[in-house]
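Everything below concerns the one structure shown next.
The values are calculated or read from the model by the stated rules, or taken from the named source; none is laboratory data. Model, not experiment: these values are computed from the prediction. Counting neighbours? That spans all protein chains shown, and the Cβs are built from the backbone with ideal geometry, glycine included.
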Amino acid sequence: MREATRQQKLFIDEYLRLRKKNATKAAISAGYSKKSAHVQASQLLKNPIVLRYLDEREKVITQELQEEFMFDAQEARKVMYKIMMDPEARDQDKVNVAKDFLDRAGFKPKDKVELEGTVDTGLNKLNSILEQLKE
């Protein structure tokens, strides 16, 4: 399958840099004519080759962000642990951090939901039909 052209890749990279909010501006930045940028952008965003490149770029960006957040999360965990173990920290802060740890580890308590009402099982209607069939 064909690959996106250099200009199409520039368009997608700019489109992503603009947070997918201004395709016309991305087209102009990629070198498309100002007069036809709006139409060109619309066509590009329908082009399967361009859309495949967009999807690939989004996956790469997501992977890079996840890797960055992994290190940030480790630092955040260290900070939270220090708060939880700090003898001078307020009890409420310690409790909140402990709850957050448990929540993130998958031990969050279930929320209780109370429901009231009636359920129509259709049993009366079914009995009526059965009586008619017997006749």
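Of the helices (runs of 4 or more DSSP H) lying entirely inside segment 18-118, the ones with 2 or more residues being modelled with pLDDT of 95 or more and touching a helix residue (DSSP H, G or I) at 6+ places or on another chain (Cβ under 6 Å) are found at 23-29, 37-44, 48-85. Selection of first residues in segment 97-121 that are free of Cβ contacts under 8 Å to residues at least 40 places away in the same chain and of second residues that are among the hydrophobic types (A, V, I, L, M, F, W, C), restricted to Cβ pairs under 8 Å at least 6 apart or on distinct chains, gives the following pairs, ordered by first then second residue: VAL97/MET80; VAL97/ILE83; VAL97/MET84; ALA98/MET84; ASP100/MET80; PHE101/MET80; PHE101/MET84; LYS108/LEU102. Total residues in segment 1-17 satisfying the condition of being of a type in the set (Ser, Thr, Tyr) and either at pLDDT below 95 or buried (at least 17 other Cβ atoms within 10 Å of the Cβ) (or both): the figure is 1. Taking first residues from segment 14-37 that are more than 13 Å from LEU54 (Cα to Cα) and partners that are modelled with pLDDT under 95 and in a loop (DSSP other than H, G, I, E, B), no Cβ contact under 8 Å between residues at least 6 apart in sequence or on separate chains turns up.
Selection of first residues in segment 41-63 that are surrounded by 12 or more Cβ atoms within 10 Å (Cβ to Cβ) and of second residues that are at pLDDT 95 or above and not in a helix (DSSP H, G or I), restricted to Cβ pairs under 6 Å at least 6 apart or on distinct chains, gives the following pairs, ordered by first then second residue: ILE49/ALA4; VAL50/ALA4; TYR53/ALA4.
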